[in-house]
Amino acid sequence: MSNENFDAKCSPADCASCTSNCSSNLSGNHSTITLTMDDDTEVTCAILTVFPVEKNEYIALLPLDENGQNHEGEVYLYKFSRTENGDPMLENIEDDDEYMAAADAFDEVLEKARQAEENGEPLE
């Protein structure tokens, strides 16, 4: 897990006006978000899903290369919330136990998606 701070910007549409609530089919097209890291490099990521764990929500992001591909299989997990205006806010997960709980919950999301795909069922 990267310990970088960033400014989140959704593309092609603003997340605050997005009707998909940042959840999407894990095998389909995804909205993207650009993370600006501490060293001012920008990383474009596909938004995989937003999922709950206890009282918090988390977001899973797939970093993409300049060709829009991910060959590493790495996924970034962040705490997800919205401001009073509805703008998305991402926060680093500093606590190891919290990170493991979010990672375990994301693994469950992936497993449910795999099972649904194997059974020819639509994803929720």
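Here, each number is a calculation from the coordinates, and none is a lab measurement. Keep in mind it's a predicted model, so treat the numbers as computed, not measured. For neighbour counting, all protein chains shown are included, and Cβ atoms are generated from backbone atoms with ideal geometry for every residue, glycine included.
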If amide hydrogens are placed 1.01 Å from N in the peptide plane, which non-local residues have theirs closer than 5 Å to the one on S31? I47
Along region 69-74, Karplus-curve 3J(HN,Hα) (6.51, -1.76, 1.60; θ = phi - 60°) to the nearest Hz, with x for Gly and Pro, reads 10, 10, 9, 8, x, 6
First select every other residue whose beta carbon is under 12 angstrom from the beta carbon of L62; then total the charges, Lys and Arg +1, Asp and Glu -1. -3
